[in-house]
Amino acid sequence: MPYKPKKPCSYPGCPKLTDGRYCEEHKKVMNKRYEMYKRDPMTKKRYGNNWQKIRKLYVSLHPLCEECLKNKIASPVEHVHHIKPLSEGGTNDFDNLMSLCKSCHSRVHAKRGDYWKNAPGGGGS
């Protein structure tokens, strides 16, 4: 199956073609800018080294998407989801975690309205 044609990097003045939004060089620059200026500073505290260790252990014990398994589909885990978010008083205890693939993780947050409630013109309530 043929690939989609590459498009120019969205970074101003960059002539490189890419499959994503930014070329590899500018993807790093934009991620760093996001981490510094747009991301909530509390996120770094909540998702630091301790979280990485917990996540790694949880993924080793639950390597497949738990939602997909309910439908007898075997999808590899891509996200470890907090059932009750840390920002709402949730914890990193295993009974508050859930292994999810990307689409199931997006579906869970879409049902909650998390992705759009702070966006201008968003539909969250």
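Data table
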read-out	value
Hey, Gly20 at pLDDT below 90 and touching a Lys or Arg at 6+ places or on another chain (Cβ under 8 Å) or not	yes
In the stretch 34-55, residue farthest from Cys104 (Cα to Cα) [restricted to those that are surrounded by 11 or more Cβ atoms within 10 Å (Cβ to Cβ) and at pLDDT 85 or above]	Asn50
Among the candidates His81, His105, residue that is touching a Leu at 6+ places or on another chain (Cβ under 6 Å) and not acidic (Asp, Glu)	His81
Residue ID - nearest to Ser60 (Cα to Cα), chosen from residues in the stretch 77-102 that are out of contact with any strand residue (DSSP E or B) (no Cβ under 9 Å at 6 or more places or on another chain) and either surrounded by 14 or more Cβ atoms within 10 Å (Cβ to Cβ) or touching a residue at least 24 places away in the same chain (Cβ under 8 Å) (or both)	Phe94
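The values are calculated or read from the model by the stated rules, or taken from the named source; none is laboratory data. Computed from a predicted structure; not experimentally measured. Virtual Cβ from ideal backbone geometry, glycine too; neighbours counted across all protein chains shown.
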